[in-house]
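The values are calculated or read from the model by the stated rules, or taken from the named source; none is laboratory data. Treat the numbers as computed from the prediction; the structure is a model and nothing was measured. Backbone-built Cβ (ideal geometry, glycine too); neighbour counts: all protein chains shown. The protein model used for the area step is the full one, side chains on, heavy atoms only, and it has no ligands, DNA or RNA in it. Shrake-Rupley method; radii C 1.70, N 1.55, O 1.52, S 1.80 Å.
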Amino acid sequence: MKELRQVRDAVICALRAGGLAAEAAFPEKWAAAQTAPLATVAVGTAEGRALGFCGYLGQTRGEDGESREVYGKRLAGVIAVDIRAERAADCEEGTQTAAAVLLGMLPEGIRPGELSWEALAWERQTGLFLRRGRLQCEALFLAESGDEEPEFLNFVLKGVLQGEQSA
């Protein structure tokens, strides 16, 4: 689902902007090359709902003056953020940075809810300290109808430009 990837990529970009290394998946050889804390991000459970009647929100005028129909949908879900580091203190510092970003620096289209963290643990498989976090949130997506097509264009996470997502 493209919308889930947009949410994951937006969270990764926000974590990076907050000064924390972040990836979509845990790279196998990271432990040998990285000394700073690393956040890995995934979207866990998710359920979607249309906004308005069948997703219809109304009309807008583009820069070209053409009228376009606007559709919206809401995705409620859980974002999983795992922090790994070689030292416990670095893992805790990474967790504090991630918490600040998740609760206050996400794009306007992601509305944070409850944030919870598991206790710090040693992960034998990687040889790193690990702290798992879960953020309940809602993501809002908007789409406009195409010029000549009866179908609407792709839903885009509210507040995120398509060129911003580089993760």
Listed residues Ala22, Ala42, Ala36; which is in a loop (DSSP other than H, G, I, E, B), modelled with pLDDT of 75 or more and aliphatic (A, V, I, L, M)? Ala36
Please state which one of Leu135, Leu75 is within 27 Å of Arg61 (Cα to Cα) and either surrounded by 14 or more Cβ atoms within 10 Å (Cβ to Cβ) or modelled with pLDDT under 95 (or both). Leu75
Considering residues that are surrounded by fewer than 17 Cβ atoms within 10 Å (Cβ to Cβ) and of a type in the set (A, V, I, L, M, F, W, C), the number found within the stretch 1-20 is 2
Residue list for the stretch 78-114, restricted to those being open to solvent by less than 40 Å² (accessible area, probe 1.4 Å), closer than 14 Å to Ala17 by Cα and part of a loop (DSSP other than H, G, I, E, B): Leu106, Pro107
Of (1) loosely packed, with under 15 Cβ neighbours inside 10 Å; (2) at pLDDT below 75; (3) under 15 Å from Arg5 (Cα atoms), Arg49 fails just (3)
